[in-house]
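Asker: What follows is a structure written as structure tokens; I'll ask about it next.
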Amino acid sequence: MAKYFGTDGVRGRANADLTPELALAVASAAARVLANHDGSHRPVAVVGRDPRVSSEMLEAAVVAGLTSAGADVRLAGVLPTPAVAYLTQRYAADLGVVLSASHNPMPDNGVKLFARGGQKLPDDIEAEIEAEIESGWRTPRPTGAAIGRVTVAETGAAEYVEHLLASAPTSLAGLKVVVDCANGAASAVAGELFGRAGAEAIVVAGEPDGENINDGVGSTHIDSLSQIVLQHRADLGIALDGDADRCLAVDAAGTVVDGDQILAICARALKDRSMLAQDTVVATVMSNLGFHHAMREAGIKVLTTAVGDRYVLESLTSNGLSLGGEQSGHVIFTDAATTGDGLLTALRLMSCMATAGRPLAELAAIVQRLPQVMINVKVADRDTVAASPDVRAAVTAAEAELGEDGRILLRPSGTEQLVRVMVEAASQERAEQIARRVSEVVSAV
């Protein structure tokens, strides 16, 4: 089991769990592992960050770690996580590093790593980096001219904006959008991007001060966006998270449009243009059953993965597919990105509206979401629950009761002694009844 890396890099409370010393060690080890894999040149790394206060501190530590291991650094400054992935690819860098804790509150932070080409690191490379951290330096440290150098990627933001504009299939003229930047990394580029794409853009929560990131705003606090959309009589609202790798939306009436609906809208539009590879889309086990029904009716096959955009990307890559995503708003378009990109997703979603000449609410109606209930059950041992005959019997009985009108899913937490019981059914009441019944069985194990 990984000691440092979680599902998306190394995370923790900044300066408590995730210290500068740990960030330096991760960066230095990553550079040494890359050098061991390819000794033909000194490694090059692109480093970006979100605007939370601790990102400045951790950036300094990461730069020290990289250069001390002989890697040259290109500093991109405050930019969305997908921008760093793009620049890693564009600059032919060996490594991309982002200091961000995404949608988490300000005191948290993380170190996200991208491999050459802007791809997420495979598990075996993460394991090598962890082993390198544990063993420490086993070779002489670089000295003199062998120490890495630091330059500023002054045109990085502009290059990223140009890339996104080139990836937008049509002008957004005539659309009025409210963009909630979560006081995060997208604040640096969102206004220019949507304006140049042709839309009338109203940017909110776009004034980061280091402490206000994700503070009552963004994709995890979408209610305020709904009210602003109504006030401005906008066509839609876009809610980003702190590092802008996810996107949720609200329609003109302020109704939330989640990742399942965004994915379905984009999948159907691509299929209509014969651009959806193999007429297949990738989603996670958390996607609502209504999404699966909508895709079946549209003649689109769904491949299902574990929760996490890295698993969505693995499925897309291994199967040669073009579109996948999560209910949370991580959507990956493989023709233009190597990871979830909230700004790209927003552009593509608005392009669907502009091309169809239809409001977002009408397009989102393709997915009739079933009521969903989630109960988190604290347990003594997740593995014991998974092996329990009583739990299996309760799940089997629930599946029989739900039939094709619902589903049940048990998901052990990856970090806590916790089992999540998720039930979808034709009515909220029925979903709650079945979820409570199964949760009681899980709790008794």
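The values are calculated or read from the model by the stated rules, or taken from the named source; none is laboratory data. Nothing here was measured: the structure is a model prediction, and the numbers come from that model. Neighbour counts run over all protein chains shown; Cβ positions are idealised from the backbone, glycine included. These area figures cover heavy atoms from the full protein model, side chains too; ligands, DNA and RNA do not enter into them. Shrake-Rupley method; radii C 1.70, N 1.55, O 1.52, S 1.80 Å.
Asker: P(r) for region 318-440, please, calculated from all Cα pair distances in 10 Å bins and given in %.
Answerer: It works out to 11, 29, 26, 25, 8, 0, in whole percents.
Asker: What translational diffusion coefficient, in µm²/s and rounded to a whole number, does the Stokes-Einstein relation yield for region 313-386 at 25 °C and a viscosity of 0.890 mPa s, taking the hydrodynamic radius as the Kirkwood radius over Cα pairs?
Answerer: D = 158 µm²/s.
Asker: OK, next. Given the peptides 39-51, 138-150, 264-276, 157-169, arrange them by the average over their residues of other C-beta atoms within 10 Å, most packed first.
Answerer: In descending order of packing, they fall as 39-51, 264-276, 157-169, 138-150.
Asker: Based solely on its DSSP helices, what 222 nm [θ] is calculated for the chain when runs of n ≥ 4 H residues each add -39,500 (n - 2.57) and the sum is averaged over all residues, nearest 500 deg cm²/dmol?
Answerer: Only helices count here, giving -12500 deg cm²/dmol.
Asker: Direction-averaged shadow area of the convex hull around the Cα atoms of region 201-332, nm²?
Answerer: In nm², the orientation-averaged hull projection of region 201-332 is 8.8.
Asker: Follow-up question, since we're still on this one. Counting only pairs 8 or more residues apart or on different chains, how many lysine pairs in the chain have their Cα atoms under 20 Å apart?
Answerer: 4
Asker: While we're on this one: Compute the Kirkwood hydrodynamic radius of region 96-136, taking the inverse of the mean of 1/r over all pairs of distinct Cα atoms, and give it in Å to one decimal.
Answerer: Answer for region 96-136: a Kirkwood hydrodynamic radius of 11.6 Å.
Asker: Further question on the same structure: In what sequence, largest accessible area first, do I228, I238 appear using a 1.4 Å probe?
Answerer: Sorted descending by solvent-accessible area, the residues read I228, I238.
Asker: As a test of understanding, state the convex hull volume per residue of region 274-356 from its alpha carbons, in Å³. Let's see the in-between values first.
Answerer: Values: hull volume 8.0 nm³, N = 83.
Taking the convex hull of the Cα positions in region 274-356, it is 96 Å³ per residue.
Asker: Cα-Cα pairs above 19 Å in region 259-314: how many percent?
Answerer: 21
Asker: By the scheme Lys and Arg +1, Asp and Glu -1, what is the net charge of all other residues having a beta-carbon under 15 Å from that of L164?
Answerer: -3
Asker: Using a 1.4 Å probe, how large is the accessible area of S135, given in Å² and rounded to the nearest 10?
Answerer: Near enough 60 Å² of accessible area.
Asker: Taking the Cβ of A234 as the center, what net charge do the other residues with Cβ under 11 Å away carry, scoring Lys and Arg +1 and Asp and Glu -1?
Answerer: -1
Asker: If Lys and Arg each add +1 and Asp and Glu each add -1, what is the summed charge of the other residues whose beta carbon sits under 12 Å from the beta carbon of G210?
Answerer: Cβ neighbours under 12 Å give a net charge of -4.
Asker: Principal axes first, then extents: for the Cα atoms of region 72-173, list largest minus smallest coordinate on each axis, whole Å, largest first.
Answerer: Dimensions of region 72-173 along the principal axes of its Cα atoms: 58, 34, 28 Å.
Asker: Can you tell me the order of 106-119, 63-76 when each peptide is scored by its average per-residue count of other Cβ atoms within 10 angstrom, highest first?
Answerer: 63-76, 106-119
Asker: Would you compute the Debye intensity of region 127-227 from its alpha-carbon atoms alone, equal scatterers and no solvent, and pass along log10 I(q)/I(0) at q = 0.16, 0.23 Å⁻¹ to two decimals?
Answerer: -0.83, -1.20
Asker: Per residue, what volume in Å³ does the Cα convex hull of region 211-262 take up?
Answerer: Spread over its residues, the Cα hull of region 211-262 gives 70 Å³ apiece.
Asker: I would also like to ask the following. I'd like to know which of A337, V179, A361 lies farthest towards the positive end of the charge dipole of the chain, counting +1 on Cβ of Lys and Arg and -1 on Cβ of Asp and Glu.
Answerer: About the Cα centre, the residue reaching furthest to the positive side is A337.
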